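The values are calculated or read from the model by the stated rules, or taken from the named source; none is laboratory data. What you see is a predicted model; the values in this text were computed from it and never measured. Every residue, glycine among them, receives a Cβ derived from its backbone with ideal geometry; neighbour counts consider all protein chains shown. In case anyone asks, the SASA skips ligands and DNA or RNA and just uses the protein heavy atoms, side chains included. Shrake-Rupley method; radii C 1.70, N 1.55, O 1.52, S 1.80 Å.
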Amino acid sequence: QVQLQESGPGLVKPSQTLSLTCTVSGDSITTFNYAWSWIRQSPGKGLEWMGAIAYSGSTYYSPSLKSRTSIPMDTSKNQFTLQLSSVTPKDTAVYYCARGIPRNTATSETTRSEFRYWGQGTQVTVSS
């Protein structure tokens, strides 16, 4: 049974870096041909794919967020992390980790069906 769990602070101040961790159980994040993504949903908007890291360590980012986004992995803990710098209130959203990567990484739009397994999501608010 593959399970994903997001963790991290629920409140981040403007200009700081948002850091969330996804802990994976039931499978290794280095399993051949797997990729691991971060997705978010802001109020009134659809799902926005942010980026992913593949089993090999290769990273892929949404063009709209690539300048601010980093997705490292810690294989010893079976975890991968989202680091989003210079946050503003517009980054307030529910953040999800999931297994998979969109077929079209040139845009941020995505759907739930593009990912097999999801975490429950965690609310992050950017406010002073």
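Data table
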quantity: Total residues in segment 60-112, condition under 17 Å from THR21 (Cα atoms) and at pLDDT below 95; calculated: 0
quantity: Verdict on SER113 being assigned to a helix (DSSP H, G or I), more than 11 Å from the chain's Cα centre (by Cα) and farther than 26 Å from PRO14 by Cβ; calculated: yes
quantity: Qualifying residue in segment 53-73 (condition: within 17 Å of SER7 (Cα to Cα), surrounded by fewer than 17 Cβ atoms within 10 Å (Cβ to Cβ) and over 10 Å from the mean Cα position of the chain (by Cα)); calculated: yes
quantity: Check on THR23, open to solvent by 20 Å² or more (accessible area, probe 1.4 Å), assigned to a strand (DSSP E or B) and farther than 15 Å from THR125 by Cα; calculated: yes
quantity: Positions within segment 26-45 being under 13 Å from VAL94 (Cα atoms) and open to solvent by 50 Å² or more (accessible area, probe 1.4 Å), in sequence order; calculated: GLN41, PRO43, GLY44, LYS45
quantity: Residues (open to solvent by 50 Å² or more (accessible area, probe 1.4 Å), farther than 15 Å from TYR61 by Cβ and in contact (Cβ under 8 Å) with a residue 40 or more places away in the chain) located in segment 87-113; calculated: THR88, PRO89, LYS90, THR111, ARG112
quantity: All positions within segment 81-103 that are of a type outside the set (A, V, I, L, M) and more than 24 Å from SER15 (Cα to Cα); calculated: ARG99, GLY100, PRO102, ARG103
quantity: Tally of residues being more than 19 Å from SER15 (Cα to Cα) and either among the small types (Gly, Ala, Ser) or touching a residue at least 24 places away in the same chain (Cβ under 8 Å) (or both) across segment 62-80; calculated: 9
quantity: Output for segment 116-128, where each listed residue is in a loop (DSSP other than H, G, I, E, B) and either among the acidic types (Asp, Glu) or crowded, with 20+ Cβ neighbours inside 10 Å (or both); calculated: GLY119
quantity: Scan of segment 1-20 for residues that are of a type in the set (S, T, N, Q), within 20 Å of SER127 (Cβ to Cβ) and in a loop (DSSP other than H, G, I, E, B), ordered by number; calculated: SER15, GLN16, THR17
